[in-house]
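The structure appears below as structure tokens.
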Amino acid sequence: MDLHLIPGATPTAEERAAVDAALGPPESGWDGGTRRSGREAQVARGGMDAARRRDLLLPALHAIQGRVGWISEGSLNYVCQRLSVPPAEAYGVAAFYAMFSLEPRPKTVVHVCDDIACRVSGALDLCREMEKRLGPPGEAKKGASATWLRSPCLGQCERAPAVMFQSAGEGRGDWSLAPATAADVTAGIDTPRAASAHSGVPSAPQTLAPRAPGLRLLRRVGVADPESLDDYRAHGGYAALRRALAIGPEGILREVLDSKLVGRGGAAFPTGRKWEAVARQPVRPHYLVCNADESEPGTFKDRVLMEEDPFAVLESMTVAAHATACERGFIYVRGEYPLAIERLQGAIEQARTRGFLGDDILGEGLRFDVEIRRGAGAYICGEETALFNSIEGHRGEPRNKPPFPVQVGLFGKPTAINNVETLVNVLDIVLEGGPAFAAVGSDQSTGPKLFCVSGCATRPGLYEVPFGATLHQLIDLAGGVRGGRPLQAILLGGAAGVFVTPAEIEVPLTFEGTRAIGATLGSGVVMLFDDTVDLQDTVLRIATFFRDESCGQCVPCRVGTVRQEEALHRLAAKRPLGSAAQEALLIDEVAQAMRDASICGLGQTAAGAVQSALRKLHLFDGKGSA
Ligand SMILES: Cc1cc2nc3c(=O)[nH]c(=O)nc-3n(C[C@H](O)[C@H](O)[C@H](O)COP(=O)(O)O)c2cc1C
Ligand code: SF4
Ligand code: FES
């Protein structure tokens with residue numbers, strides 16, 4: 001197939017260099033290099049071979065965006081030539097992601113989080129100040145070196161308000177700043193920092209002196225140097241892999257099944273059953289994917305694990321790969337996590353050099369390697385099949401299921417996909433045995449659990465408790481409500497979760513306990529709202545989030561999220577169509593259609609928080625506290 005490139009659009013030398021740095025130099029005229037003369041010119045290179053590398057499209061687009069600050073038609077043409085991708089498709093992919101720009105823009109873009117946790121800690125004031133200093137969002141003044149954009153949750157909610165700098169240019173990179181003030185942001189534009197330059201605000205208060213006893217998932221956080229493989233080993237690292245090699249794939253599967261571990265990514269699917277299904281597939285190869293897209297508003301647990309204990313993520317992936325017969329793994333990390341990406345990349349390089357990844361791991365003949373794939377700002381890419389499409393170089397749109405990933409996953413092959421926290425739990429399971437793990441927590445919710453406490457908590461942060469601790473106990477661990485103010489509501493499970501009331505805080509934090517009160521643990525979000533918070537504003541922000549993040553593939557979700565937001569705006573403005581009760585009815589009908597007919601979990605959960613706010617908090621009917 002001939003590629004119809006965009007006429008007259010040629011890359012600049014800088015754009016070419018950026019793409020070549022990501023893909024390697026072109027081999028011939030067929031993939032964008034120098035066309036040779038004579039017989040060489042008759043031999044087709046590139047073409048199908050290049051098309052097979054389509055999964056490099058996302059890294060190539062990142063390379064251009066990171067070097068130049070936007071993706072021009074010329075640079076898109078060059079990538080298309082290198083990978084044999086039609087420009088219309090590459091354009092569709094580039095346009096899908098919030099971190100890519102197809103228009104020229106300043107080299108520095110400040111993404112200011114205006115999502116729900118940051119709103120209760122001054123995000124809207126910060127946005128107003130940014131507007132004064134840099135102009136309206138996305139509208140850079142002529143010749144300005146920076147612009148700013150409002151952003152959904154950046155996964156730094158415990159340090160709200162948060163910003164992320166996207167800084168293009170050689171030797172520059174992205175970095176986060178949280179908590180951020182307008183003055184810090186202005187200073188940061190002129191003096192970019194490394195991703196590892198910390199704000200100093202602790203993410204895991206339990207790991208500070210005096211350390212909470214018995215931490216498991218957080219055991220190395222604040223103790224071991226996340227940049228040193230030796231230190232990881234000195235703190236127990238790679239003991240689980242040795243035991244996994246000793247007991248073999250069947251032994252690992254038995255322990256994981258016995259542990260009753262279920263996924264921590266939101267869907268709570270039994271991990272042992274998933275792995276067994278992949279291991280038994282005769283089709284080869286099998287793939288392992290670590291889902292580190294973590295974009296659920298209020299969630300930051302996986303970020304802390306990746307930043308503070310990156311070798312544990314790699315070790316647990318290697319154990320999973322052994323159990324499921326995977327030789328190649330991917331970690332799909334959300335693009336807004338520059339430090340996690342840097343730490344994981346460093347860990348992968350050290351692990352490869354020292355024989356913990358590669359063709360003969362620990363001299364035991366085990367072959368497994370890991371690549372990082374960086375997301376580019378799309379919540380939907382956390383949905384497992386959307387994530388596969390994203391890695392494969394397509395728009396991050398979910399696929400219909402069945403077939404399920406265990407049969408037809410990444411590149412159409414059997415795939416085990418797990419959340420970061422799920423995987424890290426496997427280390428203890430292998431070391432202690434499944435039954436010992438299952439003895440922690442409740443019958444249906446076993447092991448330890450990470451909770452992301454944010455909003456109006458005195459000590460927001462990541463907390464580890466055994467399943468079964470009550471919401472009340474968790475809130476106490478976080479020091480209660482800041483300033484001792486009354487608690488108005490709690491959002492459990494993130495934007496895709498539901499609101500619960502102070503009357504419900506004795507609920508045990510287990511899958512079955514929350515289910516019993518019509519709630520969900522989701523990704524472990526516990527966001528507190530005191531009596532000063534405008535919850536109507538919070539609920540509207542949630543509705544906007546879903547409207548923005550719907551991939552638009554199926555009608556119930558694409559239209560339903562818009563209708564839901566419109567109805568809430570009418571209610572907030574006290575201009576309902578008919579009465580407030582009729583609007584509530586309309587919201588319920590739309591919710592039902594989204595739940596019944598959306599193809600993925602985004603549409604199915606987009607109304608949960610809104611409906612719970614209407615029912616439990618009586619937000620818009622004049623009976624609530626707001
Ligand atoms: C809209 C949407 C977003 C999701 N985002 C994530 C995510 O960021 N991280 C994650 O692990 N799972 C996410 N999931 C769940 C995944 O589809 C999948 O269930 C999970 O990665 C499986 O891993 P687990 O069994 O270890 O939980 C999301 C699901 C939906 C519907
Ligand atoms: S439910 Fe929404 S996000 Fe999911 S596939 Fe359909 S349109 Fe896309
Ligand atoms: S970082 Fe702002 S809400 Fe999460």
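The values are calculated or read from the model by the stated rules, or taken from the named source; none is laboratory data. Worth saying up front: this structure is predicted, and the values here are computed from it rather than measured. Quick reminder, even Gly has a Cβ in these numbers, built from the backbone with ideal geometry, and neighbours come from all protein chains shown. The area values use the complete protein model at the heavy-atom level, side chains included, leaving out ligands, DNA and RNA. Shrake-Rupley method; radii C 1.70, N 1.55, O 1.52, S 1.80 Å.
Annotations
- When the listed pairs K132/K574; K274/K616; K274/K413; K260/K449; K401/K449; K107/K132 are checked against a 25 Å cut-off, the alpha-carbon distance exceeds it for K132/K574; K274/K616; K401/K449.
- Extension gain (nm, one decimal) between D476 and I247, 0.36 nm per residue minus Cα-Cα: 78.3 nm
- Solvent-accessible ranking of F404, F356, largest area first, probe 1.4 Å: F404, F356
- In plain terms, the chain from R52 to H4 could stretch by 15.4 nm, reckoned as 0.36 nm per residue minus the Cα-Cα distance.
- Remark: relative contact order (region 214-355) = 31 percent; criterion is Cα-Cα distance under 8 angstrom and separation of 6 or more residues.
- This model, with +1 at the C-beta of Lys and Arg and -1 at the C-beta of Asp and Glu, gives the chain a dipole about its Cα centre of some 500 debye.
- Taking all protein chains as they are arranged and a probe of 1.4 Å, the heavy atoms of R219 leave approximately 90 Å² accessible to solvent.
- Overall form of region 499-626 per C-alpha gyration tensor (a/c, 1.5; a/b vs b/c): oblate
- Cα centroids of region 167-191 and region 382-434: 33 Å apart.
- The order of the peptides 93-100, 338-345, 122-129, 152-159 by mean Cβ neighbours within 10 Å, most packed first, is 152-159, 338-345, 93-100, 122-129.
- Summing Cβ point charges (Lys, Arg +1; Asp, Glu -1) relative to the Cα centre of region 507-602 gives a dipole of roughly 260 debye.
- Dipole-positive endmost among F620, V539, Q582 within region 509-626 (Cβ charges, Cα centre): Q582
- Computing FRET efficiency as 1/(1 + (r/R0)^6) for E349 and A21, where r is the C-beta to C-beta distance and R0 is 22 Å, gives about 0.85.
- Region 522-536 and region 129-161 have their alpha-carbon centroids 24 Å apart.
- If R0 is taken as 22 Å, the Cβ-Cβ distance between R273 and A239 corresponds to a FRET efficiency of 0.25.
- Karplus 3J(HN,Hα) series, Hz, for region 507-515 with 6.51 cos²θ - 1.76 cosθ + 1.60 (x for Gly, Pro): 5, x, 7, 9, 4, 6, x, 6, 4
- Placing unit charges on each Cβ (+1 for Lys and Arg, -1 for Asp and Glu) gives the chain a dipole about its Cα centre, and among L474, P403, L76 the Cα reaching farthest toward its positive end belongs to L76.
- Each label point was placed 7 Å from the Cα along the Cα-to-Cβ direction; for A88 and A187 their separation is 5.1 nm.
- Using a probe of 1.4 angstrom and keeping all protein chains present, the accessible surface of region 426-528 works out to 30 square angstrom per residue.
- Contact order, relative form, for the chain: 12 percent (alpha carbon pairs under 8 Å, 6 or more residues apart, mean separation divided by residue count).
- When E15, E397, E139 are compared by accessible area of protein heavy atoms, the largest-first order is E139, E397, E15, using a 1.4 Å probe.
- Net lengthening on full extension, L577/E139 (0.36 nm per residue, minus Cα-Cα): 154.2 nm
- Rounded to the nearest 10 Å², the accessible area of D548 at probe 1.4 Å: 90 Å²
- Among P285, A246, P297 the positive-end extreme of the charge dipole of region 242-304 (Cβ point charges): A246
- Principal axis extents of the C-alpha atoms in the chain (largest first, rounded to whole Å): 83, 62, 47.
- Packing-based order for 595-607, 291-303, using average beta carbon neighbours within 10 Å, highest first: 291-303, 595-607
- Each residue of region 215-225 was assigned a 3J(HN,Hα) from its phi angle through the Karplus expression (A = 6.51, B = -1.76, C = 1.60, θ = phi - 60°), giving 5, 10, 5, 9, 4, 9, 5, x, 10, 8, 6 Hz with x at Gly and Pro.
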